[in-house]
Amino acid sequence: TTNSSFVDFWRDELTTLPDMPDRLLSTKVLCQWKFVPTDLAALQQLPFNAIFDGAKRNTLDAFANDPRAWVHASVQTTLYIMADRILNDFASVDDVYYALPNIHYFPFDMAKFGLKNLQSDAEVYMPIADPSGFITATISRPAKGKF
């Protein structure tokens with residue numbers, strides 16, 4: 001199993017994706033974060049390398065090891081989990097932006113070769129060229145108002 005599924009989601013007349021009880025969650029990750037330092041000295045003290053390493057670690061770890069991002073989770077859920085982890089680990093990061101285009105792979109129908117390769121038997125997948133979602137979001141800390 002890939003430990004990833006997406007089933008029982010909301011549908012309308014434009015829905016084209018089938019339920020996928022076992023799917024490959026595949027994307028090309030763009031992650032950016034923003035700092036709002038109060039002055040030059042604060043900017044010079046930011047641990048840029050540690051934040052980069054932590055953002056990469058949190059992104060990969062959410063995909064591979066966080067069960068909240070697996071079963072019945074959308075790419076949006078996974079995006080939120082990754083951004084939330086970065087914000088929790090680094091107080092100097094004010095917001096995190098992710099762009100995660102859906103890259104779909106579906107089981108290849110091998111029935112014409114006398115082989116089962118659908119749903120729970122799937123071992124061979126092929127990329128789908130059809131348009132897919134392009135998920136983006138910016139997750140920010142709550143605004144600090146002075147009233």
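Data overview
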| item | result |
| --- | --- |
| Residue that is modelled with pLDDT under 90 and hydrophobic (A, V, I, L, M, F, W, C), where the choices are Met82, Met126 | Met126 |
| Residue within segment 48-56 that is among the β-branched types (Val, Ile, Thr) and either more than 19 Å from the chain's Cα centre (by Cα) or over 23 Å from Pro142 (Cα atoms) (or both) present | no |
| Every pair of residues 6+ apart whose Cβ atoms lie under 6 Å, when the first sits in segment 85-114 and is of a type in the set (Gly, Ala, Ser) while the second is surrounded by 14 or more Cβ atoms within 10 Å (Cβ to Cβ) | Ser92/Phe35; Ser92/Leu46 |
| Residue in segment 42-55 that is open to solvent by 40 Å² or more (accessible area, probe 1.4 Å), under 29 Å from Ala129 (Cβ atoms), at pLDDT 90 or above and not hydroxyl-bearing (Ser, Thr, Tyr) present | no |
| Failed criterion for Glu13 (all others in (1) over 21 Å from the mean Cα position of the chain (by Cα); (2) loosely packed, with under 12 Cβ neighbours inside 10 Å; (3) in contact (Cβ under 8 Å) with a residue 40 or more places away in the chain hold) | (3) |
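Conditions (1) within 15 Å of Leu24 (Cα to Cα); (2) part of a strand (DSSP E or B), marked per residue:
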residue	(1), (2)
Ile51	no, no
Arg57	no, no
Ala91	no, no
Leu100	yes, yes
Asn117	yes, no
Glu123	yes, no
Ser132	yes, no
Ile139	no, yes
Pro142	no, no
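The values are calculated or read from the model by the stated rules, or taken from the named source; none is laboratory data. Source: prediction; values computed, not measured. Because the Cβ atoms are built from the backbone with ideal geometry, glycine has one as well, and the counts that use them run over all protein chains shown. For the accessible areas, the whole protein counts, side chains as well, though only heavy atoms, and no ligand, DNA or RNA atoms are used. Shrake-Rupley method; radii C 1.70, N 1.55, O 1.52, S 1.80 Å.
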